[in-house]
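Read the structure below first, then the notes.
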Amino acid sequence: MDNYFITKIPYTKLNTKPSSLKVVRFINKGLRFLKLRYMLSPVDTTVDMNTIEQRINYYHLLNQVLVGQVEGDVIELGCFTGQCALLFQKVIEENQSNKTLHLYDSFEIQFSEKRDIKKVLLESFQSAHLKAPILHAGLFSETVPAKLPKKLCFVHIDCGHGGNVEEHKNILLDLFKEIYPRMSAGAICVLMDYNDPQINGTGHNANPGVKLACDEFLADKPEEIILLYGNQYYHAYFRKQ
């Protein structure tokens with residue numbers, strides 16, 4: 001299975017024109033000449049909910065647990081219109097796995113989307129000819145742990161809060177307490193917006209509560225957080241021992 005699909009709609013929201021790519025290449029040539037050690041990536045972070053670097057990471061991490069036959073289903077906590085979820089289901093089906101994809105979201109926050117969020121998500125799955133996921137609509141306090149599978153092999157948490165940091169941290173701590181015991185040995189949990197400035201460098205730390213919650217929860221556990229390069233966006237993961 002190749003992973004070139006991650007560059008195409010609907011796995012990316014951007015239909016990058018060849019003329020735009022030429023501009024990016026021209027600017028990058030100038031940046032290399034200036035030796036600034038920075039390159040542009042053809043992505044608009046106000047449209048795409050993840051970068052191509054992150055999609056590469058998702059692809060390989062989910063493949064690992066499927067090939068390794070780690071027990072449990074796949075869940076995403078915070079899915080919006082399902083851009084990451086599409087990739088997860090694609091990898092599940094390409095591996096001919098019988099695992100089920102569960103998505104948890106209020107489906108009420110619109111961001112820049114003007115249409116019904118659930119409808120947009122399901123239409124994207126239909127256009128990609130993928131099996132529809134199981135949707136769990138509502139606040140996490142209503143769906144977690146009530147509607148969690150008994151075992152988990154892969155977890156993606158992307159519930160950017162954008163508000164009070166302490167409140168966001170507590171939401172994540174509550175989620176960790178429920179998902180961690182359900183994660184099988186070898187299961188992977190990916191955390192969107194985990195940002196460690198000492199490693200990631202300076203940048204926009206959109207949701208500092210993610211690192212605060214994860215570091216606090218894992219402090220007395222054997223798992224270690226591993227940062228992943230995501231270009232404009234940050235994320236990291238840990239593997240259940």
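Just so it is clear, none of the values below were taken in a lab; they were calculated from the coordinates. Bear in mind that the values here come from a model prediction, so they are computed numbers and not experimental data. Note that we place each Cβ from the backbone using ideal geometry, even for glycine, and neighbour counts take in every protein chain shown.
Restricting to Cα pairs below 8 Å that are 6+ residues apart, what does the relative contact order work out to for the chain? Please round to a whole percent.
Details: 373 pairs, mean separation 46.9, N = 241.
It comes to 19 percent, rounded to a whole number.
Please go through region 146-231 and write out the chymotrypsin sites (Phe, Trp or Tyr not before Pro) that DSSP classes as loop and that have at most 15 other C-beta atoms within 10 Å.
Details: sites: F154, F176, Y194, F217, Y229; in loops: Y194, Y229.
Loop-located and lightly packed - Y229.
For the chain, modelled as a Gaussian network with Cα springs under 10 Å, which listed residue fluctuates most, R182, R32, R115?
R32
Please compute the net charge surrounding L173, taking Lys and Arg as +1 and Asp and Glu as -1 over other residues with Cβ under 12 Å from its Cβ.
Numbers: positive: K169, K177; negative: E166, E167, D174, E178, D215, E216.
Within the 12 Å Cβ shell, the charges total -4.
Among I9, A236, N63, which residue has its Cα furthest toward the positive end of the charge dipole of the chain, with +1 on Lys/Arg Cβ and -1 on Asp/Glu Cβ?
The Cα lying farthest towards the positive end belongs to I9.
Over region 90-160, how many percent of alpha carbon pairs lie in each 5 Å bin up to the one with the longest distance?
Result, from short to long distances: 3, 13, 22, 25, 21, 12, 4, 0 percent.
Mind giving me the FRET efficiency for E93 and K147? R0 is 30 Å, r the Cβ-Cβ distance, nearest 0.05 is fine.
Working: r = 23 Å, r/R0 = 0.75.
With R0 = 30 Å, the Cβ-Cβ based efficiency is 0.85.
Computed on alpha carbon atoms, what radius of gyration and Dmax characterise region 45-239, expressed in Å?
For region 45-239, the Cα radius of gyration and maximum Cα-Cα distance read 15.6, 44 Å.
Find the Cα radius of gyration of region 152-217, compare it with 2.2 N^0.38 Å by division, and give the number to two decimals.
The reported ratio for this selection is 1.13.
Taking the chain as a Gaussian network, where each spring joins two C-alpha atoms under 10 Å apart, which residue of K22, K211, K169 fluctuates the most?
Of K22, K211, K169, the Gaussian network model singles out K22 as fluctuating most.
Residue separation times 0.36 nm, minus the C-alpha to C-alpha distance between K114 and K22: what's the value? Provide the component values of the computation, followed by the final result.
Working: separation 92, 0.36 × 92 = 33.12 nm, distance 3.12 nm.
The K114-K22 span can extend by a further 30.0 nm.
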